[in-house]
Amino acid sequence: MAIKTTAIVAKNQWKYISELEMDLAPVLPKFLGNAGEINQIVLNLIVNSAHAIEAVKRPELGMIKIETRSSDGFIILSVSDNGCGIPEADVKKIYDPFFTSKEVGKGTGQGLAITYNIVTNKLGGAITVESETGIGTKFEISIPCNPEEMETTDDS
Ligand SMILES: Nc1ncnc2c1ncn2[C@@H]1O[C@H](COP(=O)(O)OP(=O)(O)OP(=O)(O)O)[C@@H](O)[C@H]1O
Ligand SMILES: [Mg+2]
């Protein structure tokens, strides 16, 4: 995992919109899956957060937080923001392919469908979301791992 690198590569997507705070574990247990998949997930979530903050149209920068840690045989990755939040009626639709609330050209509704597929079908993990309109959104992903085998994450 090289989440810090992914976040920096994506800087053009958030630098005028938000600050980015990272609390990343330098060492995590091994998981079944490749770094590219995790990077794609992180990129999808960062871009969604940036769009959600942009939608609020505050004068000051928003805040996106990314955290990784390990817990009881799982790697936990969370991305949270203080953007517009997701209306309650939309929460059950956000993982549907093609569900988007964005204007044509801004979103195709694929990001979370792809993310959900990687997390659940490929990695055997789970994704949860907590959101409140006007307050913000937090996605949390847990991926099963082998707690006996640790590896450096390139995030130190
Ligand atoms: N952090 C967030 N804050 C508020 N709404 C969100 C957030 N993440 C996702 N959503 C909502 O879920 C919808 C689906 O997200 P998804 O990433 O699948 O598609 P998209 O961002 O619209 O398009 P794409 O990712 O294909 O460019 C978004 O259009 C938005 O309405
Ligand atoms: Mg998206």
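So that you can scan it fast, the table gives a plain yes or no per residue for (1) away from ligand 2 (no atom under 14 Å from the Cβ); (2) over 16 Å from ALA50 (Cα atoms); (3) in contact (Cβ under 8 Å) with a residue 40 or more places away in the chain:
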site: GLU103; (1), (2), (3): no, no, no
site: LYS122; (1), (2), (3): yes, yes, yes
site: ILE127; (1), (2), (3): no, yes, no
site: GLY136; (1), (2), (3): yes, no, yes
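Within region 94-117, the presence of at least one residue that is farther than 21 Å from LEU32 by Cα, surrounded by 14 or more Cβ atoms within 10 Å (Cβ to Cβ) and in contact with a strand residue (DSSP E or B) (Cβ under 9 Å, 6 or more places away or on another chain) is confirmed. Would you mind stating whether VAL56 is at pLDDT 95 or above and either basic (Lys, Arg) or open to solvent by 30 Å² or more (accessible area, probe 1.4 Å) (or both)? Taking the combined requirement at face value, the residue satisfies it. When region 85-116 is limited to residues that are of a type in the set (Lys, Arg) and over 15 Å from THR128 (Cα atoms), the one that is farthest from ligand 1 (Cβ to nearest atom) turns out to be LYS106.
Among residues of region 118-137 being more than 13 Å from SER80 (Cβ to Cβ) and open to solvent by 40 Å² or more (accessible area, probe 1.4 Å), the one that is nearest to the chain's Cα centre (by Cα) is ALA126. All conditions but one from (1) assigned to a strand (DSSP E or B); (2) within 16 Å of ligand 2 (Cβ to nearest atom); (3) crowded, with 17+ Cβ neighbours inside 10 Å apply to SER78; the one that does not is (2).
The values are calculated or read from the model by the stated rules, or taken from the named source; none is laboratory data. Owing to the predicted nature of the structure, the values given are computational and were not obtained by experimental measurement. Positions of Cβ are generated from backbone atoms using ideal geometry, with glycine treated the same way; all protein chains shown enter the neighbour counts. To get the accessible areas, we keep the full protein, side chains included, count just its heavy atoms, and leave off ligands, DNA and RNA. Shrake-Rupley method; radii C 1.70, N 1.55, O 1.52, S 1.80 Å.
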